[in-house]
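All of the numbers you see were taken from the coordinates with simple rules; none came from a lab. Treat the numbers as computed from the prediction; the structure is a model and nothing was measured. Quick reminder, even Gly has a Cβ in these numbers, built from the backbone with ideal geometry, and neighbours come from all protein chains shown.
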Amino acid sequence: MALEVQTLRYYLKIFSIFLFLIIFSLFTHQIFFKNHNIYEDIIIIKKNNSINTIIINNFNELYIYEKLFLKIYYKFYAFFNKKIHYGEFKIDNKITFHNFLNKVTKPSNLIKKIAIIEGSSKYDLGNKLSKFFTNFDIINYNDILANTYFLNTNNNFEEFYLKLKKYKINFFNKNRENKLFSKFTDKEIMIIASLIEKEGLDYNDKKNIFSVINNRLERKMKLQIDATVLFSLTNGNYNLGRNLTFEDLKFKHNYNTYVINGLPPEPISYVGTKTIELMLENYNTDYLFYFFNENEKRHIFTKTFDEHKKKLNEYRKSK
C-alpha cells in the first residue's frame, strides 16, 4: 500500500511538473511570441481605464485564458511601477502582449505639434488650443514666447502651459547679460517686441522699427504706432476690416500710442524668439519716422519730420 502511494505521488509530481511546463510554455508563447490583432492603429486609453476595459476595447476576440494571461502579466508590470498611461498610442495591427504593454506603460508615443505664431492674438491661440485641450485658459501675451512646441497626447493644459513659461524664463535668463536688459525690463522688452511683430514686414524692417521705437523713447516722443490704434479699437479680438482714419488716431485708450506717452501697459500680441534676438543686437539708426508705401510694399524710414512729410506727400501724389 505504501509503495502504491509513493508511486502515485511520484506520478502526480511528474504530471504537475509536466502541466506547469505546458502552462508556462503556453503563457510565454501568448505573451512574448504570438501576435494578436488590434482593432485600430491608434488606440485611446482614458484615465482610470481598467486592464479589463483596455483588453475589451482594443483586442479582437480572445480566449478566456488569453485574457487571464494578459491580466497576470500586467500585474507583474504594475508591481515594478510600470502602470498604464492614458492618452493616444500608435499600435501595430498585430502585436504581442509584451510589446503592447511596453508601449502603453510609457507616455503616449503620439507627439502633437502646436505652433504659436508670432504676432498672433489670444483669439487665434484660443482657437488652436481648443483642438488639443478640452479645458484651457487664455494665455497672456507676456507669459510666453511664440514658437513651435511638442507635447504628448496625454499632456494636460497645465503641463503644456508650464512648459511654455519655463521656455520663456530660460530664454531670458540665457540672454540676461545683454545690455538690452539694463535698459528695459523683461515686460518692456515683450511690449516693444509685440509692437515690432505687428508692424514689421521682415528682418531688416523690424530692425529699423526697433531703432525708431528706441529713438523715440529716448527723446520722450509719442510712439504713434498704428498697430496700437488697431488694438485699441478692437481689443485685439478681430480685424478692423478697414483703413484707419484721422479720428481713429485720436481714440482715447490706454494702448493708443498716438494718445499716451511711452509704451502701452501690456504686449499687444504673442512675441517670437527671433524678434527678441533681433532686439538683442541693439541695432541703432537715426530714424525717427516711418510710413508704409503701398506702391512699393515697404516702410519708408526718415530721420526728420520735414523729410518724413516730403516722402509722405510724394507717396500720396503717386497714388
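Is the shape of the range 274-314 rounded, prolate or oblate, going by the alpha carbon gyration tensor and its root eigenvalues a ≥ b ≥ c, with a/c under 1.5 for rounded and a/b larger than b/c for prolate?
Verdict is oblate for the range 274-314.
How much net charge surrounds D41 when only other residues with a Cβ under 15 Å from its Cβ are counted (Lys, Arg +1; Asp, Glu -1)?
0
In deg cm²/dmol and to the nearest 500, what is the mean residue ellipticity at 222 nm of the chain if only DSSP H runs of at least 4 residues count, each as -39500 (n - 2.57), divided by the residue total?
The per-residue figure over the chain is -15000 deg cm²/dmol.
Which residues make up the longest stretch of the chain clear of GluC sites (Glu not before Pro) that lie in a DSSP loop with no more than 10 other Cβ atoms within 10 Å, not counting the sites? If you can, show how the numbers build up before the last one.
Working: sites that count: E61, E177, E294, E296.
For GluC sites (Glu not before Pro) (loop position, at most 10 other Cβ atoms within 10 Å), the longest site-free span of the chain is 178-293.
Within the range 96-177, which trypsin sites (Lys or Arg not before Pro) sit in a loop by DSSP and count at most 16 neighbouring Cβ atoms inside 10 Å?
Those that pass, being in a loop and sparsely packed, are K131, R176.
What area, in nm² and to one decimal, does the C-alpha convex hull of the range 30-81 cast on average over all directions?
Convex hull of Cα atoms, orientation-averaged projection: 4.0 nm².
Take the alpha carbon gyration tensor of the range 2-104, find the square roots of its eigenvalues, order them as a ≥ b ≥ c, and report rounded if a/c is under 1.5; if not, report prolate when a/b exceeds b/c, else oblate.
On the way: a/c = 3.40, a/b = 2.58, b/c = 1.32.
Cα axes put the range 2-104 in the prolate bin.
Is the shape of the chain rounded, prolate or oblate, going by the alpha carbon gyration tensor and its root eigenvalues a ≥ b ≥ c, with a/c under 1.5 for rounded and a/b larger than b/c for prolate?
It is prolate, given that a/c is not under 1.5 and a/b is the larger ratio.
Near L125, within a Cβ-to-Cβ distance under 12 Å, what is the net charge of the other residues, with Lys and Arg +1 and Asp and Glu -1?
-1
If we count every other residue with Cβ under 12 angstrom of N204's Cβ, Lys/Arg +1 and Asp/Glu -1, where does the sum land?
0
Quote the convex hull volume per residue of the range 175-318, based on C-alpha atoms, as a whole number of Å³.
Values: hull volume 16.4 nm³, N = 144.
Residue-normalised Cα hull volume stands at 114 Å³.
For Cα pairs less than 8 Å apart in space and 6+ apart in sequence, what is the mean separation divided by the residue count of the range 10-90, i.e. the relative contact order in percent?
On the way: 45 pairs, mean separation 32.8, N = 81.
Result for the range 10-90 is 41 percent.
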